[in-house]
Amino acid sequence: MSDRFARSMTWFFKTIADLFFAKRYGHRAVVLETVAAVPGMVAGMWSHFESLRTLERGHGTKIHTMLSEAENERKHLIFFLHISKPTLLERIIIVIAQIVFTLFYLFMYIFFRGTAHRMVGYFEDEAVNSYTNYLAIIDNKQVPNPPAPKIAIEYYGLREDARLREMVLCVREDEKQHAKVNHEYADSILE
């Protein structure tokens, strides 16, 4: 049941993203990365509060991991803001999506933590697919391959002449790691 719900929510959110952004990968990345940072922040915050409530320090690694994931997703957003500027409508969608998704995910995390992590694992799997598709259209010259933003070059230690393609490869690797971590957390909770 947990896995089915996590997959259905992933399908639901993917369908909404596809309706709004179709093949506009730069804009899609901007909006989705603003929402992608929510689970790590919620999980890190809730684990922090749980550590304070229970007077146990055992949540420290998870707190750090989840907050680092949220910060990494925020960095992705900043990178893509140099590639695609959100329209006013996209900015409105971002605000609404953050509010709705934060409340939804907080509820999920409090009451169904394993399912919440599984859902994020599937979200991240979809992000990997989305960035793989983005790489394909860059390689097929369907979209430009401009220079990577300086902030991304510094963050990832890329060559000074790195392009969008190299940045997207790095972002995709981050998303693979986020998927792995969240699936592992889900496995440890749901078993």
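The values are calculated or read from the model by the stated rules, or taken from the named source; none is laboratory data. Computed from a predicted structure; not experimentally measured. Glycine also receives a Cβ, built like all others from the backbone with ideal geometry; neighbour counts cover every protein chain displayed.
General observations
- Yes/no for E126 being at pLDDT below 95 and surrounded by fewer than 20 Cβ atoms within 10 Å (Cβ to Cβ): yes
- Pick from segment 67-88, criterion of a type outside the set (S, T, N, Q) and not in a helix (DSSP H, G or I), ranking: surrounded by the most Cβ atoms within 10 Å (Cβ to Cβ): I83
- Residue in segment 32-55 that is touching a Phe, Trp or Tyr at 6+ places or on another chain (Cβ under 9 Å), of a type outside the set (K, R) and at pLDDT below 80 present: yes
- Whichever residue in segment 141-179 is part of a helix (DSSP H, G or I) and basic (K, R) and, among such residues, is surrounded by the fewest Cβ atoms within 10 Å (Cβ to Cβ): K150
- Evaluated against (1) touching a residue at least 60 places away in the same chain (Cβ under 8 Å); (2) surrounded by 13 or more Cβ atoms within 10 Å (Cβ to Cβ), I110 falls short on exactly one condition, (2).
- Candidate set: segment 13-31, residues that are modelled with pLDDT of 70 or more and in contact with a Pro (Cβ under 8 Å, 6 or more places away or on another chain); chosen: the one surrounded by the most Cβ atoms within 10 Å (Cβ to Cβ): V30
- Cβ pairs under 7 Å, 6+ apart, first in segment 114-136 and on the phi > 0 side of the Ramachandran plot and part of a helix (DSSP H, G or I), second among the aliphatic types (A, V, I, L, M) and modelled with pLDDT of 95 or more: none
- Check on Y131, aromatic (F, W, Y) and either at pLDDT below 90 or surrounded by fewer than 20 Cβ atoms within 10 Å (Cβ to Cβ) (or both): no
- Residue within segment 89-103 that is among the charged types (D, E, K, R), in a helix (DSSP H, G or I) and surrounded by fewer than 16 Cβ atoms within 10 Å (Cβ to Cβ) present: yes
- Residue that is more than 21 Å from V31 (Cα to Cα) and not polar (S, T, N, Q), where the choices are D139, D125, D174: D139
- Any hit, segment 93-103, residues being within 15 Å of the chain's Cα centre (by Cα) and aromatic (F, W, Y): yes
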